[in-house]
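The structure appears right after this line, and notes come after that.
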Amino acid sequence: MIEAENLVKNFGSICAVDNISFQVKKGDILGFLGPNGAGKSTTMKMLTGFLPPTSGTARIGNNDIQKEPLAAKRLFGYLPENGPLYQEMTVLEILNFIAEMRDAYTTNKKNEVIEHVVETCKLRDVRNQSIETLSKGFRQRVSFAQAILHDPPCLIMDEPTDGLDPNQKKQVRNLIASMAEEKSIILSTHILEEVESICNRVIIIDKGKILIDEKPEEMRQRHPHYNAVEIKLGNTKLAEIKEEIQSIPEVKEIQINGDDILIIPKGGKDIINIIFDVTLKNNWSLANIEKAPVLMDEIFGDLTQN
Amino acid sequence: MRTINAIFKREFFGYFRSPVAYVFLIVFLIASVGLTWFVGQFFSANDASLNRFFIFMPWVFLFLIPAVGMRLWAEEKRSGTWELLLTLPVTTIEAVLGKFLAGWTFITLAILLTLTMPITVGYLGNPDWGPILSGYLGTILMAGAFLSICSLTSALTKNQVISFVLSVIICLILVFLGWSVFNNLLTSINIPVWLIDALSNFSFITHFDPMTKGLITIADLIFYLSLIIFSLLLNVLALERSF
């Protein structure tokens, strides 16, 4: 379990992280979102013990990272921002170094573990190449490999898919999702699509403060068009249609834009069946009916720009 | 221990992954041996000892050890790898020690490559081997002291050039304080002798000279070891407080 309790970090007079608390339990994939400079990386650096907090505590599996750093550090894998690696070393040399640092692996066990991550992260072809000769995508995968090498119960990743192409992004996401059950995972990102596809919890921070901490579905409900229905009709009797729909008690508002009619429900209720029944009952020739898209970007923008 | 060993191996072999190691070894050998032969008049002195070799050591180290030490931490800070390193299960002391010992071993290797000098002396004459052995011990200890200062300055910045300049300045002061030419200068401007003596006690040269003459004292050993320990502790503090 990863735990932050009242974490504060001041750099001089600037408050980068302002009293942040949260817990990441086993099975959680927490998406840590925020605009640049919101304090995401600073929080992660405090969680991993790289930065001492001004006040507050970070715990990994009940070990205070400041008081029992070694016990805590054994329990997580960390992928720092931009995946820094020793440039002149080869992929195998780095993984060897990390394995030796991580625990007293016997030579056999060590080779087995390295072999396993090389396979999982698809690094076989480049394993004898030095880091400086690798593309950004490969470097990021090596960073990822070193973080999961010892199969840690906690994973802390600062922008794990940064610099990857769409296919690689998908692979890494699948990999993270496949490990989720057994681990507590926290990953920072500014790609909202990533949060939607793999995270089961979202924290948005801005200016060092937590704005929301909830499930992605709950976050979607914040959208003004959550569960709104878009219909397209062949009829032109728009005024009549509008009146009819307005009389449905679950409907809050109707917006008409050309042929498209957007119906917003009261309290985010699911009304697509009701609307469908109404169109059938009135014999309107229905050309299209669908739920209005709920874009996380818009929610994110609303939350962080005010 | 395991982590010190892993860091040591990574760092030590790291020197040989780039041309830096070979350039250093060649320049060090040319400088140390060259100065002895050409400036020190090794041949015409007709003296079967290595005094003329050891006397240049502090001056050669003054520029070459900062060149080895400047990257120890500055490079890690510049490339961000210290975030990777220090979030592994390792204490800062272990990390500092592992890196320092790797650098020291590398320099010791360079020093041992000058063993051609005592072999030459032994071939040509009949030297007293005691001072040569104690001189080498002194050289290695002094190299460690130089390097510990470079490791400290390297932890203060992510710029290798700044690290280099800082360590040269500090080492220069520590060499100058015991240099006879500098001490004579101080005497000539009426600085009291007790003060000059006290100052020269902080110098590498003051504690190195007796060893090249075959005299190993506890005081000299303690000077070097305490200087190394003190610098490395400051090094640990510098890393832990540099936020």
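Here's a check for you: in segment A:124-146, which residue that is basic (Lys, Arg), away from every other protein chain (no Cβ under 14 Å) and not in a loop (DSSP other than H, G, I, E, B) is surrounded by the fewest Cβ atoms within 10 Å (Cβ to Cβ)?
Result: A:Arg124.
When you go through (1) within 30 Å of A:Glu81 (Cα to Cα); (2) out of contact with any Asp or Glu (no Cβ under 6 Å at 6 or more places or on another chain); (3) within 13 Å of chain A (Cβ to nearest Cβ) one by one for B:Ala21, which number turns out not to apply?
Unmet for B:Ala21, out of (1) within 30 Å of A:Glu81 (Cα to Cα); (2) out of contact with any Asp or Glu (no Cβ under 6 Å at 6 or more places or on another chain); (3) within 13 Å of chain A (Cβ to nearest Cβ): (1).
Quick check on my filter: what residues within segment A:49-88 are more than 24 Å from the chain's Cα centre (by Cα) and under 23 Å from A:Arg139 (Cα atoms)?
Within segment A:49-88, A:Tyr86, A:Gln87, A:Glu88 meet the criteria.
Within segment A:104-123, track down each residue that is crowded, with 16+ Cβ neighbours inside 10 Å, touching a residue at least 12 places away in the same chain (Cβ under 8 Å) and either in a loop (DSSP other than H, G, I, E, B) or not assigned by TED's automatic domain parsing to the domain that holds A:Ile156 (or both).
A:Cys121, A:Leu123
Considering only segment A:38-55, state which residues are part of a loop (DSSP other than H, G, I, E, B) and either facing chain B (nearest Cβ under 10 Å) or more than 16 Å from A:Leu187 (Cα to Cα) (or both).
Matches in segment A:38-55: A:Thr48, A:Gly49, A:Phe50, A:Leu51, A:Pro52, A:Pro53, A:Thr54.
Just wondering, is there one or more residues in segment B:50-57 that are more than 19 Å from B:Ile140 (Cβ to Cβ), in contact (Cβ under 8 Å) with a residue 40 or more places away in the chain, in contact with a Pro (Cβ under 7 Å, 6 or more places away or on another chain) and more than 14 Å from chain A (Cβ to nearest Cβ)?
Looking through segment B:50-57, none of the residues is more than 19 Å from B:Ile140 (Cβ to Cβ), in contact (Cβ under 8 Å) with a residue 40 or more places away in the chain, in contact with a Pro (Cβ under 7 Å, 6 or more places away or on another chain) and more than 14 Å from chain A (Cβ to nearest Cβ).
Scan segment A:74-113 residue by residue and report those that are of a type in the set (A, V, I, L, M) and either within 14 Å of another protein chain (Cβ to nearest Cβ) or more than 20 Å from A:Glu182 (Cα to Cα) (or both).
Hits for segment A:74-113 are A:Leu75, A:Leu79, A:Leu85, A:Met89, A:Val91, A:Leu92, A:Ile94, A:Leu95, A:Ile98, A:Ala99, A:Met101, A:Ala104.
Quick check, is B:Ile222 surrounded by fewer than 21 Cβ atoms within 10 Å (Cβ to Cβ) and within 17 Å of the chain's Cα centre (by Cα)?
yes
One line per residue, one yes/no per condition, for (1) in contact (Cβ under 8 Å) with a residue 60 or more places away in the chain; (2) hydrophobic (A, V, I, L, M, F, W, C); (3) outside any helix (DSSP H, G or I):
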{"site": "B:Asn126", "(1), (2), (3)": "yes, no, yes"}
{"site": "B:Met142", "(1), (2), (3)": "yes, yes, no"}
{"site": "B:Leu147", "(1), (2), (3)": "yes, yes, no"}
{"site": "B:Leu166", "(1), (2), (3)": "no, yes, no"}
{"site": "B:Ile191", "(1), (2), (3)": "no, yes, yes"}
{"site": "B:Leu232", "(1), (2), (3)": "yes, yes, no"}
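Are there strands (runs of 3 or more DSSP E) fully within segment A:192-306 with at least 1 residues that are under 30 Å from A:Ser41 (Cβ atoms), touching a residue at least 60 places away in the same chain (Cβ under 8 Å) and of a type in the set (Val, Ile, Thr)? List them.
Where strands (runs of 3 or more DSSP E) fall fully within segment A:192-306 and carry at least 1 residues being under 30 Å from A:Ser41 (Cβ atoms), touching a residue at least 60 places away in the same chain (Cβ under 8 Å) and of a type in the set (Val, Ile, Thr), they are A:201-206, A:209-214.
Kindly indicate the residue of segment B:68-92 that is of a type in the set (Ser, Thr, Tyr) and touching a Phe, Trp or Tyr at 6+ places or on another chain (Cβ under 7 Å) and also surrounded by the most Cβ atoms within 10 Å (Cβ to Cβ) among those meeting that condition.
B:Thr87
So, B:Thr105, is that one part of a helix (DSSP H, G or I), within 30 Å of A:Ser143 (Cα to Cα) and of a type in the set (S, T, N, Q) or not?
Here the answer is yes, as B:Thr105 does meet what is asked.
Residues in segment A:56-71: is at least one closer than 25 Å to A:Cys121 by Cβ, facing chain B (nearest Cβ under 8 Å) and not small (Gly, Ala, Ser)?
Within segment A:56-71 (the criterion being closer than 25 Å to A:Cys121 by Cβ, facing chain B (nearest Cβ under 8 Å) and not small (Gly, Ala, Ser)), the answer is no, since none of the residues qualifies.
Name, by its number, the condition in (1) within 14 Å of chain A (Cβ to nearest Cβ); (2) buried (at least 20 other Cβ atoms within 10 Å of the Cβ) that does not hold for B:Phe28.
If we test B:Phe28 against (1) within 14 Å of chain A (Cβ to nearest Cβ); (2) buried (at least 20 other Cβ atoms within 10 Å of the Cβ), just (1) comes out false.
Residues in segment A:193-213: is at least one of a type in the set (Ser, Thr, Tyr) and within 25 Å of A:Lys169 (Cβ to Cβ)?
Yes, some residue in segment A:193-213 is of a type in the set (Ser, Thr, Tyr) and within 25 Å of A:Lys169 (Cβ to Cβ).
Could you check, for segment B:82-96, whether at least one of its residues is at pLDDT below 90, of a type in the set (A, V, I, L, M) and either under 15 Å from the mean Cα position of the chain (by Cα) or in a helix (DSSP H, G or I) (or both)?
No, segment B:82-96 has no match at all.
Quick one: which residue in B:Val39, B:Val96, B:Val23 is crowded, with 20+ Cβ neighbours inside 10 Å and of a type outside the set (S, T, N, Q)?
B:Val96
Please enumerate the residues belonging to segment B:226-243 that are away from chain A (no Cβ under 14 Å) and loosely packed, with under 14 Cβ neighbours inside 10 Å.
Passing the criteria: B:Ser226, B:Ile229.
Only one of these conditions is not met by A:Ala38: (1) surrounded by fewer than 19 Cβ atoms within 10 Å (Cβ to Cβ); (2) touching a residue at least 60 places away in the same chain (Cβ under 8 Å). Which number is it?
The failed condition is (1).
The values are calculated or read from the model by the stated rules, or taken from the named source; none is laboratory data. Computed from a prediction, not measured in an experiment: that's the story for all the values here. Positions of Cβ are generated from backbone atoms using ideal geometry, with glycine treated the same way; all protein chains shown enter the neighbour counts.
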